[in-house]
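The structure appears right after this line, and notes come after that.
The values are calculated or read from the model by the stated rules, or taken from the named source; none is laboratory data. This one's a predicted model, so the numbers in the text were calculated from it and none came from an experiment. Ideal geometry is used to build each Cβ from the backbone, glycine not excepted, and the neighbour counts take in all protein chains shown. Accessible surface areas use protein heavy atoms only, side chains included; no ligands, DNA or RNA. Shrake-Rupley method; radii C 1.70, N 1.55, O 1.52, S 1.80 Å.
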Amino acid sequence: MRKMGPDERERLFERAREHSTQRKTWAEADRLWVRVIDAYRDAARGSGRANRRDQQQLARALWRRSMLLSARGRAAEGMAPGGEAVAIFERVHDAVAAEGGDVTGPGRDEALAELITALVDLAEVAFAAGQPATRLELVERAVAVGLLTVPSPPSAGRRTREAMGTAYHNQAAALLHRAVTRPAANDTAQQAALAGSRACELRQGLLDPLQPLSLWEMANTYGVYAQCLALIRDFDRAGMVLELGNRLVKLLGPAGAQPALNLRVAAEMVARERAATGGQTGSRRWGWRRR
């Protein structure tokens with residue numbers, strides 16, 4: 001195969017990304033991502049510092065193809081490219097970290113955020129592939145990677161805070177799923193609520209009225225967090241969270257359909273749990289265990 005030049009690789013990457021945005025062109029996007037991956041794999045061969053951009057682009061192409069395969073109902077196939085993407089992002093992150101500098105600086109912030117995001121997204125591909133245990137392992141690994149580098153996520157760079165907010169949100173969702181499907185699992189609901197609380201803390205700090213996505217993500221997290229609070233019988237706090245989430249949904253209008261659904265599910269859970277317990281809260285706010 002003829003070796004592509006840097007500009008040609010970039011153009012091909014953008015074409016694949018563009019085709020990935022519409023369902024009707026997903027098949028063509030998949031074919032393009034295969035070509036992009038081959039081109040960057042060839043360019044990145046030999047790895048050295050000069051090739052870091054090519055390594056990053058290879059990882060991004062693998063990550064995007066993994067997500068596309070999952071969206072097309074082929075999640076099991078998406079595990080391999082997603083796993084390879086994580087491995088490359090990890091090498092890039094380690095190389096950038098070894099050079100030192102402030103962890104909030106653009107280079108380190110980008111490298112850490114991309115590694116966390118790749119792990120979180122691979123976790124969701126695993127879930128779509130029918131592997132809930134792998135999903136939880138991967139999302140917990142994403143949280144651990146972030147905390148190992150930045151022990152206090154609120155002090156991290158913006159991109160890392162965004163990635164950690166998603167990691168905590170997805171950890172809460174994964175633990176919530178386990179608590180609902182395996183109610184005998186000790187402390188799972190409590191752990192889910194803690195993860196949801198941490199996601200809220202990070203996403204509240206990122207709220208920007210000029211960025212509707214930040215409002216959408218916050219409302220969505222309130223929906224998951226409220227469900228977790230319902231399971232631990234913290235009904236008062238769940239009610240406050242639902243109110244905050246519904247305010248954001250009103251601001252979002254039609255774009256808030258998905259968060260609105262999560263909030264409705266949470267409201268139903270609160271009502272059901274309250275009825276089952278006569279409105280009594282757990283004996284310890286964070287210590288109650290489902291039986």
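Counting only protein heavy atoms and a 1.4 Å probe, tell me what percentage of the chain's accessible area is made up of carbon and sulfur.
Percent of accessible area from carbon and sulfur atoms in the chain: 52.
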How many nm separate the modelled label positions at E243 and R72, each set 7 Å beyond the Cα in the direction of the Cβ? 4.8
Ranked from the most accessible area to the least, with a 1.4 Å probe and all protein chains present, what is the order of K250, K3? K250, K3
The chain: calculated mean residue ellipticity at 222 nm from DSSP helix runs of at least 4, using -39500 (n - 2.57): -26000 deg cm²/dmol
Probe of 1.4 angstrom, ligands and nucleic acids ignored: what's the accessible area per residue over the range 68-116, in square angstrom? 41
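For the chain, with only Lys/Arg (+1) and Asp/Glu (-1) charged at the beta-carbon, what is the dipole magnitude about the Cα centre, in debye rounded to 20?
For this selection, approximately 620 debye.
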Leaving ligands, DNA and RNA out of it, work out the accessible area of W63 with a 1.4 Å probe and give it in Å² to the nearest 10. 60
I need the semi-axes of the equivalent ellipsoid of the range 72-172: take the C-alpha gyration tensor, multiply each eigenvalue by 5, square-root it, list largest first in whole angstrom. 24, 15, 9
Between A27 and Q204, the two model label points (7 Å from Cα along the beta-carbon direction) sit apart by a distance in nm of 4.9
The alpha-carbon pair-distance distribution computed for the range 172-217, with 5 angstrom bins and whole-percent values, is 5, 24, 20, 14, 14, 11, 7, 3, 1
Ordered by residue, what ³J(HN,Hα) values in Hz, to whole numbers, does the range 243-248 give under the Karplus form 6.51 cos²θ - 1.76 cosθ + 1.60, where θ = phi - 60° and Gly and Pro are x? 5, 4, x, 5, 4, 5
In the range 1-121, taking the dipole from +1 charges on Lys and Arg beta carbons and -1 charges on Asp and Glu beta carbons about the Cα centre, the listed residue (L115, A97, A16) farthest towards the positive end is A16
Just need the Rg to Rh number for the range 1-100, please, alpha carbons only, Kirkwood Rh. 0.99
Please report, largest first and rounded to whole Å, the three semi-axes of the ellipsoid equivalent to the range 146-198, where each semi-axis is the square root of five times an eigenvalue of the C-alpha gyration tensor. 25, 10, 7
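Can you give the charge dipole size of the range 1-100 about its Cα centre, rounded to the nearest 20 debye, using +1 on the beta carbon of Lys and Arg and -1 on the beta carbon of Asp and Glu?
Around 280 debye, computed over the range 1-100.
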Calculated P(r) tail over 30 Å for the chain, as whole % of Cα pairs: 37
